[in-house]
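*Asks:* Below are the structure tokens for one structure; questions will follow.
Computed from the coordinates by the stated procedures, all read-outs in this text should not be read as laboratory data. Keep in mind that this is a model prediction, so the values were computed, not measured.
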Amino acid sequence: MSTVRVDTPAVRPGARGWHRPLVAFAAAMCVWAVVCLVGMLVDHRTLAADPIWAKPLKFSISLALYAVTLAWMLSMVQRPVLRRLGWWAGTIGAGASLLEIVVIAVQVVRGVGSHFNVSTPTNQLFYQLMAGGVTLMYCATLLVGAAVAVFSHLPDRATAWALRIGLVIALVGLSVGFLMVVPTAAQLADPGSGTYGSHSVGGDDASGGIPFLGWNTVHGDLRVSHFVGMHALQVLPLLALVLPATMREQTRLRVVVTAGAGYAAATSITLWQALRGQSVLHPDLLTIEVVGIVALLTGSASVIIRHRNS
């Protein structure tokens, strides 16, 4: 008796569904963002010259974007072992992110700062919990990114390289956060200040900031490169997805690599600028010259790519 073999179509990346805990967390962050907006309207308290509800609003938006990105990335993992590893990494990442936003929310309700606040045993505990959550999120991003960008076969080379480049830049951007926990000279000289670490370089965090973002307008601010770098994981893959399907594959790949190089340069420049104690709003001549060189090189590469595609 003969048997008829029926071939099962290969599962394409994305067909297995997105990571549910991360999607649920992203949805919760969208709801929480609305709550924070209401808080900004009805609660006029400030912290470090910014509306006290601005920080949880910014974090809810950023974490929602990050959760959606990781959930989408995990849908492209094909190997069973990597899928299991990715599921646990994504779940731990969602839990760690939830821990961070809960600590920020509790401190807002209490009317005190969450970052670098070691003024009391309670504040110190909250700060340590948040730092632990950030570390777990960093590790989850590394594992999920490696499972997708390194060990999974993606048929579209532009998307694959957008994820690889975006992952490296994002990890660099997240790593900038570890520089923020280094105490300043003033804090070391005054252990009783109740503050350990700073966003700013060359001054304090209360020097005045850009509205809503809060980035320091007087001194260097590590949050700029932190923000720019970590969101490369959204910007570059999105670029690969919106490139015209009629564009040749090699051209799409060149566009992604060129954009990735420019994005990496932007992350590096903002970090270099912050470490020199220079506000992002007040670049010196050297910074302007470097930005100009990067813009010229990126623009020239774009023209060459367009010429080859025509």
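*Asks:* Given the convex hull over the Cα atoms of the range 25-73, what projected area results after averaging over all orientations, in nm²?
*Replies:* So the Cα hull casts an average projection of 3.2 nm².
*Asks:* For the range 118-231, divide the Cα radius of gyration by the Kirkwood radius and give the resulting Rg/Rh value with two decimals.
*Replies:* 1.08
*Asks:* I'd like the per residue volume of the convex hull spanned by the Cα atoms of the chain, given in cubic angstrom.
*Replies:* 156
*Asks:* Would you please give the residues with an amide H less than 5 Å from that of SER75, counting only those at least 5 places away or on a separate chain, with H modeled from the backbone geometry?
*Replies:* When sequence neighbours closer than 5 places are left aside, the close amide H contacts are HIS19.
*Asks:* Now a separate question. Please give the per residue volume of the convex hull enclosing the alpha carbon atoms of the range 195-260, rounded to a whole number of Å³.
*Replies:* Normalising the Cα hull of the range 195-260 by residue number yields 113 Å³.
*Asks:* If you build the convex hull over the alpha carbons only and average its shadow over all orientations, what do you get for the range 15-153? Give it in nm² to one decimal.
*Replies:* Spelled out: convex hull of the Cα atoms, projected over all directions, averaged, 8.6 nm².
*Asks:* Taking the convex hull of the Cα atoms, report for the range 246-310 its projected area averaged over all directions, in nm².
*Replies:* 4.7
*Asks:* If only Cα atoms are counted, what is the Rg of the range 136-190, and what is its Dmax, in Å?
*Replies:* Gyration radius and largest Cα-Cα distance of the range 136-190: 16.3, 57 Å.
*Asks:* Over the residues of the range 238-281, compute the C-alpha Rg and express it relative to 2.2 N^0.38 Å.
*Replies:* 1.61
*Asks:* Something else: Which whole-number percent is the relative contact order of the chain (Cα, under 8 Å, 6+ apart)?
*Replies:* That works out to 16 percent.
*Asks:* Considering amide H positions built from the backbone, and no H for Pro or chain starts, which residues 5 or more places from VAL118, or on another chain, come under 5 Å of its amide H?
*Replies:* THR195, TYR196
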